[in-house]
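The values are calculated or read from the model by the stated rules, or taken from the named source; none is laboratory data. Owing to the predicted nature of the structure, the values given are computational and were not obtained by experimental measurement. Cβ placement follows ideal geometry from the backbone for every residue including glycine, while neighbour counts extend to all protein chains displayed.
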Amino acid sequence: MIDTAPILFFDSGVGGLSVVAPTRVLLPNAPIVYAADSAGFPYGTRSEAEIAARVPALLGRLVERYRPRLVVIACNTASTIALAAVRAALDVGVVGTVPAIKPAAAMSRSRVIGVLGTAATVRQPYVDDLAARFASDCTVLRYGSAALVEIAEAKLAGCAPDPAALTRELDGLFAQPGGGGIDVIVNACTHFPLLEADMAAVAPAGVRFVDGGPGIARRIVHLTEGQAWPVQVGPAQVGPAQAGPAQAEDVLVFTRLGETERRLASALGFARVEAL
């Protein structure tokens, strides 16, 4: 393995940076290419057929251009719909993202869990399977939020979240029958950990949040064990909270590169910005 081969992270937007952050802690010298499908954003409101066709095609082009050592689909919606197709299409290892229902069940004392994701994610049979396998003794309530995805993207661009808007979205869980018993919420969209502190501030006391980012980072370490990494080429720049630092040679890729994307790239500390 060439030591400069990057890890390729893919998401519809920049929510997958919540997976990059714990990965950077464990692999500080790993070159990273982060690809955001800005032309297709947001995935949560698209049909399964659109996502199943779009994601493998885009990842095929990205792998051809950047020759990564590993691909990480840092998007719950894309993973629950297109992961098998991507693995079949690519000749490189692929790590997916799944809702952290198993650790949530281990944490819950009330045995009532909330799954907060996009509409496309929370309706997937894959979530039914996870709940049946790992939380069969729990009540698992779900809510799909497109607004939280937009709020998270805006936060990374420098716009503080509105507490009232966050409260309205969380009420999508708490206002359901039995929702008052929720003590753990699964952030089943990689955008949502970027808002965890903001949501915790308006959630009922004692409610905890969990996501799959740290587990994915450990999986990446396992799959790249023994591989060579380059010496860090420049000092890490500190980006917004929980977004993870960008190194001098990290690359941020957009499928549509306009002024909004350029401003976001600047706020995140990426020196190299490219269009696919």
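Summary of computed values
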{"item": "Helices (runs of 4 or more DSSP H) wholly inside the range 123-226 that include at least 2 residues being modelled with pLDDT of 95 or more and over 27 Å from VAL95 (Cβ atoms)", "result": "163-174, 196-202"}
{"item": "Flag if LEU141 is without any contact (Cβ under 8 Å) to a residue 60 or more places away in the chain and over 27 Å from LEU264 (Cα atoms)", "result": "yes"}
{"item": "Counted residues, the range 1-60 - those being touching a residue at least 60 places away in the same chain (Cβ under 8 Å), of a type in the set (Asp, Glu) and surrounded by fewer than 23 Cβ atoms within 10 Å (Cβ to Cβ)", "result": "2"}
{"item": "Test for ALA105: is it part of a helix (DSSP H, G or I), touching a strand residue (DSSP E or B) at 6+ places or on another chain (Cβ under 6 Å) and not assigned by TED's automatic domain parsing to the domain that holds SER266", "result": "no"}
{"item": "Meets criteria (aromatic (Phe, Trp, Tyr), surrounded by fewer than 21 Cβ atoms within 10 Å (Cβ to Cβ) and touching a strand residue (DSSP E or B) at 6+ places or on another chain (Cβ under 6 Å)) for TYR66", "result": "yes"}
{"item": "Scan of the range 112-126 for residues that are out of contact with any helix residue (DSSP H, G or I) (no Cβ under 7 Å at 6 or more places or on another chain) and farther than 17 Å from PHE209 by Cβ, ordered by number", "result": "ARG123, PRO125"}
{"item": "Residues within the range 108-122 that are assigned to a loop (DSSP other than H, G, I, E, B) and within 14 Å of ILE81 (Cα to Cα), tallied", "result": "1"}
{"item": "In the range 33-82, residue farthest from ALA217 (Cα to Cα) [restricted to those that are polar (S, T, N, Q) and not in a helix (DSSP H, G or I)]", "result": "SER47"}
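Here's the yes/no breakdown for (1) surrounded by fewer than 12 Cβ atoms within 10 Å (Cβ to Cβ); (2) among the aliphatic types (A, V, I, L, M); (3) under 25 Å from SER110 (Cα atoms); (4) in contact with a Gly (Cβ under 6 Å, 6 or more places away or on another chain):
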position: LYS155; (1), (2), (3), (4): no, no, no, no
position: ASP162; (1), (2), (3), (4): no, no, no, no
position: LEU170; (1), (2), (3), (4): no, yes, yes, no
position: VAL184; (1), (2), (3), (4): no, yes, yes, no
position: PHE192; (1), (2), (3), (4): no, no, yes, no
position: ALA203; (1), (2), (3), (4): no, yes, yes, no
